[in-house]
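Notes for the one structure printed next.
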């Protein structure tokens with residue numbers, strides 16, 4: 001089982017609604033509500049430093065910057081200013097490593113680019129003296145990429161007293177008029193786990209009723225999901241499976257996927273929704289599509305798969321492969337009657353192998369790249385666990401999702417005892 005070391009575990013689901021860490025602050029005890037000459041002043045008499053950012057910065061970073069402006073307002077009653085050119089003596093500078101002002105700091109050797117180059121989702125927060133002409137001092141938040149920069153922004157939000165749960169759990173913000181930070185360089189490094197997120201499962205009636213009351217829709221639109229995405233990012237997450245009982249993330253509101261991509265959230269689809277398609281997309285056209293049965297309706301289902309892959313081609317979406325029965329049922333069976341279909345296991349395994357081959361062929365044809373270049377996940381759940389135990393395998397680059405069997409037993413625990421887990425592609429714990 002030495003393959004199951006953390007360095008090989010590239011993904012993890014925290015498989016409950018909003019169950020990431022309560023807080024995500026990386027550095028405790030560095031921010032104070034009093035000013036001091038040996039500390040960097042963040043806010044004085046209720047006035048926060050202006051935030052300098054390249055006007056060509058990534059849209060997701062700009063969303064987080066605007067949230068930081070409002071976070072200062074939550075603390076002092078006055079939002080931080082935003083500028084695109086330096087014009088004050090003391091400021092907060094924000095940007096990805098490729099952005100204009102961060103490049104200037106690198107060129108002037110004010111920050112070390114090697115700390116961020118080639119890194120994944122890493123930020124550097126540091127106080128720099130005389131960073132630009134006319135600027136005496138700045139708190140610089142630089143990121144290796146979009147999400148790294150966003151995480152650095154939200155680290156500062158927590159430093160000034162705004163919880164990631166200020167919205168969803170109504171966590172109060174303590175009012176302050178003065179804030180200072182210890183001078184130094186701070187980073188959380190690269191995340192040890194690649195995919196960190198949530199699955200909005202069993203969403204009806206509570207969540208669906210709340211959305212209907214709040215937004216007037218019978219589905220989660222981009223306004224709702226933007227609030228969820230913000231929480232995930234504030235908690236240093238990057239991934240989500242959307243609600244899917246009666247909702248269709250992709251079809252209900254085309255802005256949903258765009259908003260996720262813009263904000264920096266990697267989307268996926270659940271264990272029985274392959275190839276970036278929502279089950280509701282099939283349900284709503286079942287009379288047109290026919291049976292969700294690959295053995296008898298392969299041509300239509302392959303087209304359905306291809307359309308999903310074409311829609312997700314330019315995103316970071318993690319592609320679920322494999323297949324279950326219609327509506328999260330066993331292949332060819334009914335929910336709760338899994339054992340009745342055991343005699344068909346050998347036949348279904350051969351069919352699943354065919355599904356894998358065709359799905360990866362579609363991925364290659366749509367993306368123009370080898371399928372191993374596009375991250376995929378296979379869910380080990382219900383009858384699929386039997387197939388795995390009987391020897392069904394996916395290519396080594398495919399991430400394996402190890403799930404609870406609804407009786408408190410994790411598939412990974414069973415595999416650990418048998419010593420049968422290959423982790424070349426990594427695993428997801430659900």
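Rule-based calculations on the coordinates, nothing more; no lab input. Predicted model only: the values in this text are computed from it and were never measured. Glycine also receives a Cβ, built like all others from the backbone with ideal geometry; neighbour counts cover every protein chain displayed.
Once both axes come from the Cα atoms, what is the angle between helix 298-312 and the longest principal axis of the chain, in degrees from 0 to 90, rounded to 10? Here the helix axis deviates by roughly 0 degrees. If R₀ is 30 angstrom, what is the calculated FRET efficiency for the pair residue 32 and residue 56, using the beta carbon separation as r and rounding to 0.05? With R0 = 30 Å, the Cβ-Cβ based efficiency is 0.30. The length gained by stretching the chain between residue 396 and residue 201 to full extension, at 0.36 nm per residue less their Cα-Cα distance, is 67.4 nm. Subtracting the Cα-Cα distance of residue 117 and residue 361 from their residue separation scaled by 0.36 nm leaves 84.5 nm. Counting only DSSP beta bridges whose two residues both lie in the chain, roughly 35 percent are antiparallel. DSSP beta bridges confined to the range 197-429 are antiparallel in about 5 percent of cases.
If R0 is 25 Å, what FRET efficiency do you get for residue 83 and residue 45 from their C-beta distance, rounded to 0.05? Once rounded, the FRET efficiency stands at 0.80. Derived value for the range 127-206: Kirkwood hydrodynamic radius 16.0 Å. Basis is the mean of 1/r over every pair of different alpha-carbon atoms.
Our estimate of slack between residue 108 and residue 213, defined as 0.36 nm per intervening residue step minus the Cα-Cα distance, is 32.5 nm.
Highest mean first, the peptides 283-294, 252-263 sorted by other C-beta atoms within 10 Å per residue fall in the order 252-263, 283-294. Axis angle, to the nearest 10 degrees, between helix 146-159 and the longest C-alpha principal axis of the chain: 60 degrees. Convex hull volume of the Cα atoms of the range 31-186, normalised per residue: 99 Å³. The overall shape of the chain, judged from the alpha-carbon gyration tensor, is prolate: a/c is not under 1.5, and a/b is greater than b/c.
Just to be sure I understand: of the beta bridges DSSP finds with both ends in the range 31-186, what percent are antiparallel, rounded to 5?
Here the share of antiparallel DSSP bridges comes out near 55 percent.
Given axes a ≥ b ≥ c from the Cα gyration tensor, I'd like to know whether the range 197-429 is rounded (a/c under 1.5), prolate (a/b larger than b/c) or oblate. It is rounded, given that a/c, with a ≥ b ≥ c, falls under 1.5.
Grab the beta carbon distance between residue 284 and residue 168, set R0 = 22 Å, and tell me the FRET efficiency rounded to 0.05.
Efficiency for this residue pair is about 0.15.
The long axis of helix 206-215 is offset from the longest Cα principal axis of the chain by roughly 50 degrees. With Cα atoms defining each centre, the range 361-414 and the range 69-103 are spaced 43 Å apart in the structure. Between residue 350 and residue 100, the simple spin-label model (points 7 angstrom out along Cα→Cβ) gives 6.4 nm.
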